[in-house]
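Remarks on the structure that follows.
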Amino acid sequence: MAELTTLAYRPGISLLHTLDARVKMVGLVLISMACLRASLPALTAAALAMCVLAIHCRLNIRALFKEIRFFIVFVAVVWIVRATTTPGDAVWQIGRLAASRQGVFEGALVCGRLMMVVMSGILFIVTTRPFQIKSAVAWFLAPVPLIPHDRVATMMGLIVRFVPVIFGQARQTADAQRARCSENRKNPVYRMSKLAVPVMRRTFITADRLALAMEARCYNESRTPRPAPLGRRDLIALVLIICASLLTAVV
Amino acid sequence: MNIIEIEDLCHRFADGTSGLQHVSLTIRRGEFAVLAGPNGSGKTTLLKHLNGLLLAHSGTVRVGGIPVDRDPVGVRQMVGMVFQDADSQIVGETVYEDVAFGPENLLLSAQEVDRRVKQSLAAVELQVSVDQSPHTLSGGEKRRLAIAGVLAMAPQVIVLDEPFSDLDYPATVQVLKQILNLHRNGHTVLLTTHDLEKVIAHADRLILLRDGRVARSDLPANLLKETEAFGVRAPCATRMGLEVESWLS
């Protein structure tokens, strides 16, 4: 069976692959926040750095762009809307629709920031094993009172595991209904309700079986802890990330 | 020496229907027993009692001398259960994660968890990346991953619920080979099926269930001719008056 998405962990030996997930998670937050404040030159520098990292991590750029094509369309729409609704010196005009120089510039900045946030997230996902993300989340939540961090981490893991299963079940059910000419029914509410009920039923049955299977394997909330102490390389990377984020935000 | 002892076990479902009626059965340590019966005969219900997932309404179930209702968690370490639907048994986002799930629940050290994961994957000869998503595995690989997940808890008894369902011929042969390896390595194996053809040549004992009762329990050779009276199709070779051959030969 083929992979559902290329936006998943890819084994590798790059620097990002070897860093601790907690450092990468902090880095993701800091760099995203810095990019949201960055000027165009800083954003360009950050984008170049991101491209170098992507190449270093052996990311398949073509497959990646294919995967995020709808997001790219969304970003393009944001750019067009921004360019045509911001007042300023007109660059071109079609009828009553005009794009201003200021709008094009601001649109590029906003879209660049959005793309950078998404790119940072993608680099994080493709270089971090799901269980490392889960363990990092549990580690960050541990000091927060009233939050069962282990349970949250387990639930995160189960969601990642079962989303494709539920989509698969929904697709099978939809195919089975199409095979019985459900498309002849034009009422979308009727079709949706006929699809939702069996999919929900199957999902609950799957959840019930899962709970039983977890119980059979002695599931409980106190489990072998995963995160090890941060190494020297992780700490150096953390300092560099903080400096880079500050520079991006300030310059 | 018996590792599983069931005495006068009765189970009733929430809607009042009877799942098991006065089941008494013993399984010897190291035995390979096949539990057969038509749909609704109580096979899965009986297996769930061995693992403490269901508790007896009356009667007793003992595993290794320990009553299941007294220490269900301890018993679950002794009896590993492989469910019919491997997809809903696999809980990890990656192959490694899934096999590690059980040992981590036992609070073993990270090194020991790692050792068990590698050992279990090697035992079922699952040659896939440990970082692969279980969702992308084939049916046979998922079944072997489910077995590896159970093996990592180092159980003495392995119960498998319809392990060959939905598998093609090569996957069935692979899974059968793994089950026989487990038996050869000293595990007690109890397996349910309604299709004797695939496994009965290797079994030490055949137990036939009907309507929640043990209808027959004997050497396979003594029972194969009468299985159809209990809703289980006899192997083709038996119907033709021949000896049942292994699927591995």
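The numbers here are math on the coordinates, done by the rules we state, and not lab data. Not measured: the values here are computed from a predicted model. With ideal geometry, Cβ positions are generated from the backbone for all residues, glycine too; neighbour counts draw on all protein chains shown.
From the Cα gyration tensor of segment A:119-184, with a ≥ b ≥ c the square roots of its eigenvalues, which class applies: rounded if a/c is under 1.5, or else prolate if a/b is larger than b/c, or else oblate? In terms of gyration-tensor shape, prolate. Once backbone amide H atoms are built at 1.01 Å from N, B:R210 has B:A215 as its partners under 5 Å, excluding neighbours fewer than 5 places away on the same chain.
For a paramagnetic label modelled at 7 Å from the Cα of A:V29 toward its Cβ, which residues of segment A:208-251 fall within the zone defined by backbone nitrogen distances under 17 Å? Only A:230, A:235, A:238-246 pass the distance filter. Applying a threshold of 29 Å to the alpha-carbon distances of A:K194/B:K48; A:K134/B:K118; A:K194/B:K198; B:K118/B:K177; A:K194/B:K142 flags A:K194/B:K48; A:K194/B:K198; A:K194/B:K142 as lying beyond it.
Straight-line reach only, C-alpha to C-alpha below 17 angstrom: list the aspartates and glutamates that B:K225 could link to, leaving out same-chain residues fewer than 8 apart. Partners found: B:D195, B:E197, B:D204, B:E243, B:E245. Here B:T193, A:T18 are placed in order of increasing Cβ neighbour count within 10 Å, fewest first, which gives A:T18, B:T193.
Structure remark: mean-square fluctuation, Gaussian network model of chain B, C-alpha springs under 10 Å; the largest value among B:I66, B:I158, B:I200 belongs to B:I66.
With a cut-off of 8 Å between alpha carbons and a minimum separation of six or more residues, what is the relative contact order of chain B in percent?
In percent, rounded to a whole number, it is 25.
Maximal additional length on extending the A:R171-A:E183 stretch stands at 2.9 nm, based on 0.36 nm per residue less the C-alpha distance. Between segment A:55-101 and segment B:19-97, the alpha-carbon centres lie 59 Å apart. Here the gap between B:K177 and B:D69, fully extended at 0.36 nm per residue and compared with their Cα-Cα distance, gives a gain of 35.6 nm.
Taking 7 Å steps out from each Cα toward its Cβ at A:R37 and A:V152 produces label points 2.5 nm apart.
When B:E5, B:E162, A:E221 are sorted by how many other C-beta atoms sit within 10 angstrom of their C-beta, beginning with the fewest, the order is A:E221, B:E5, B:E162.
In terms of other Cβ atoms within 10 Å, A:I72, A:I125, B:I6, A:I13 run from fewest to most in the order A:I13, A:I72, A:I125, B:I6.
Which of the three applies to the protein assembly as shown, rounded, prolate or oblate, going by the alpha-carbon gyration tensor with a ≥ b ≥ c and a/c under 1.5 meaning rounded?
Prolate, since a/c reaches 1.5 and a/b exceeds b/c.
Does chain B come out rounded, prolate or oblate by the C-alpha gyration tensor, with a ≥ b ≥ c the root eigenvalues, rounded set by a/c under 1.5 and, if not, prolate when a/b is larger than b/c and oblate if not?
Judged from the Cα gyration tensor, chain B comes out oblate (a/c at least 1.5, b/c at or above a/b).
Residue separation of B:D166 and B:N222 scaled by 0.36 nm, minus their Cα-Cα distance, works out to 17.3 nm of gained length.
Cα centroids of segment B:132-194 and segment A:119-173: 27 Å apart.
Among A:L16, A:L123, A:L158, the largest mean-square fluctuation in a Gaussian network model of chain A (Cα springs under 10 Å) belongs to A:L158. The mean sequence distance of close C-alpha pairs (under 8 Å, at least 6 residues apart), as a share of the length of chain A, puts its relative contact order at 32 percent.
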